Amino acid sequence: MAKAIITIKIMPETADADLSKIETEAKKIIKGLGGDVGKVERVPIAFGLSSLNIIFIADEKLGTEEFEQRLAKLENIQTAQIIDFRRAIG
């Protein structure tokens, strides 16, 4: 069973969105789908708006669509997009 290291970028709808709440909910969804969250980064975009970049490990057979679709349905989320997918060796 091969593992993948995946980075997903979650963009909130507004700069006022509660990133801590979004992060908590996103971690629940990722863990519920069998992922193991490693690192969360808040990346400034512009005008006070920041994205959440979540790096996690999951079975590569799970694919990425389910993660994107579930995370995009969270409240106050504009988009959830996989920005990096790497196969782990070993």
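Those residues that are in contact with a Lys or Arg (Cβ under 7 Å, 6 or more places away or on another chain), open to solvent by less than 60 Å² (accessible area, probe 1.4 Å) and under 25 Å from T14 (Cβ atoms), I need them from the stretch 48-85; list them, please.
S50, S51, L52, N53, I55
Among the residues that make up the stretch 15-23, is at least one of them open to solvent by 40 Å² or more (accessible area, probe 1.4 Å) and among the small types (G, A, S)?
Scanning the stretch 15-23, I find at least one residue that is open to solvent by 40 Å² or more (accessible area, probe 1.4 Å) and among the small types (G, A, S), so the answer is yes.
Would you pick out the residues in the stretch 44-82 that are among the aliphatic types (A, V, I, L, M) and within 17 Å of K27 (Cα to Cα)?
Of everything in the stretch 44-82, those that are among the aliphatic types (A, V, I, L, M) and within 17 Å of K27 (Cα to Cα) turn out to be L52, I54, I55, I57, A58, L62, L71, A72, L74, I77, A80, I82.
With T64, T79 as the choices, which residue is closer than 18 Å to A4 by Cβ and either in contact with a Leu (Cβ under 7 Å, 6 or more places away or on another chain) or of a type in the set (S, T, Y) (or both)?
Numbers: T79 fails: closer than 18 Å to A4 by Cβ.
That would be T64, the only listed residue that is closer than 18 Å to A4 by Cβ and either in contact with a Leu (Cβ under 7 Å, 6 or more places away or on another chain) or of a type in the set (S, T, Y) (or both).
The values are calculated or read from the model by the stated rules, or taken from the named source; none is laboratory data. Nothing here was measured: the structure is a model prediction, and the numbers come from that model. When we count neighbours, we look across all protein chains shown, and the Cβ atoms used for this are built from the backbone with ideal geometry, even at glycine. Side chains included, ligands, DNA and RNA excluded: accessible areas come from the protein's heavy atoms. Shrake-Rupley method; radii C 1.70, N 1.55, O 1.52, S 1.80 Å.
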